[in-house]
Amino acid sequence: MQTPVVLIVFRRPGVTQRNLDVLREVQPEQLFVVADGPRPGLPEEARQCEEVRALIDTIDWPCKVERKFADRNLGLEANVELGLDWVFSQVDRAIVLEDDCVPDPTFFRFSEELLDRYAEEKQVWQIGGDIHAVPEEMFGEYSYGFTTWASVWGWATWADRWHAHRAEFNRDHAGAEDRVDATPRTADAVRTKPAPPHPDALVSEGALRHFSFVSTETDGDHYGWDHHWWVTIMSRKGLSIMPCINLVEHDGYGEGATHTRAAKIPYPAEQIEFPLVHPPKVELNREIEEKLEVILLRHDGKLARLARKLIKPLWMRALVRRLIDFPLVQKLVHRLMGQ
């Protein structure tokens, strides 16, 4: 496979090994590994980081491996943003995986084909892999649909899109490694110019309110780098590509995770069929977009964030999620979120 792959890792050797097993099947010619360092005062984490880095030395297929290994902990935001800056200073496109995003091998062919097809279609910014359980029948006969919001649990993009984002959202994370404890100190989320969502980019009032707030939130720890990437896409009325089936399993839940601590069973990755059936027009599929916005707000809206603050036990969070999945409860929640 000729398209470069980026693997962003930290301290989880188990999921890193799962990713390397899949990469061994598709054998990319070029692999960029972006590894964060251990947080201060956590010797066990230092050992885990070393285990992860040692796994990179086991790569046994013909591959040019580029390494960006942080000496100390940068934090998620700095590690990802500075890592992708480094990658896209060298290549014009890439498929990006965090260590706990384990793809089906067909995800790579899917991404590679669409990176070629839409390279000059500047309205398209991102190719996603995780569909958050959007029903396959919503895509009709097509292999994918165009949405505004799309998950970055396995994704692909082009260097010019990333550079356009970073020119507008250009925090440099100076001093990220200098802290003396394990508490993250992320740089402020300040833009060079306002970037409110385009009024036609989103379908629901709830999502418009959510991302309008994100676009003005300066606390760098409140919303992650992915939200700020999406804000840029939305402000330009850009599009993402969403596959009709789930191509990437997000195995980032549970007690061993750093950020997504939830008692949740991963949604498995599946194979997509080739040849791909392409939508006839590059335009927003409002039905799929609306479904994705509901999913986003259910997990990341103000109500969801408040619930995570109030409900600490993972088993109790899982119970609340099952309750919310009942149709009548969903209708009430959607009404509260402005759907």
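Among the listed pairs K64/K291; K122/K291; K68/K281; K64/K281, a Cα-Cα separation exceeding 28 Å is found for K64/K291; K68/K281; K64/K281. Counting only aspartates and glutamates at least 8 places from K237 when in the same chain, those with an alpha carbon closer than 18 Å to its own are E120, E121, D160, E168, D200, E205, D226, E283, E287, E289, E290, E293. For the range 1-137, the ratio of Cα radius of gyration to the globular rule of thumb 2.2 N^0.38 Å stands at 1.09. The alpha-carbon atoms of the range 95-300 define a convex hull whose volume equals 125 cubic angstrom per residue. Remark on the range 159-208: Rg and Dmax equal 15.5, 45 Å (Cα only). Extension gain for the segment E66 to H163, taken as residue separation times 0.36 nm less the Cα-Cα distance, is 32.9 nm to one decimal.
Each peptide in 70-77, 150-157, 85-92 receives the mean, over its residues, of other Cβ atoms within 10 Å, and ordering these scores from highest gives 150-157, 70-77, 85-92.
Values in this text are rule-based calculations from the coordinates and carry no lab data. Quick caveat: nothing in here was measured; it's all calculated off a predicted structure. Note that each Cβ is placed from the backbone with ideal geometry, even for glycine, and that neighbours are counted across all protein chains shown.
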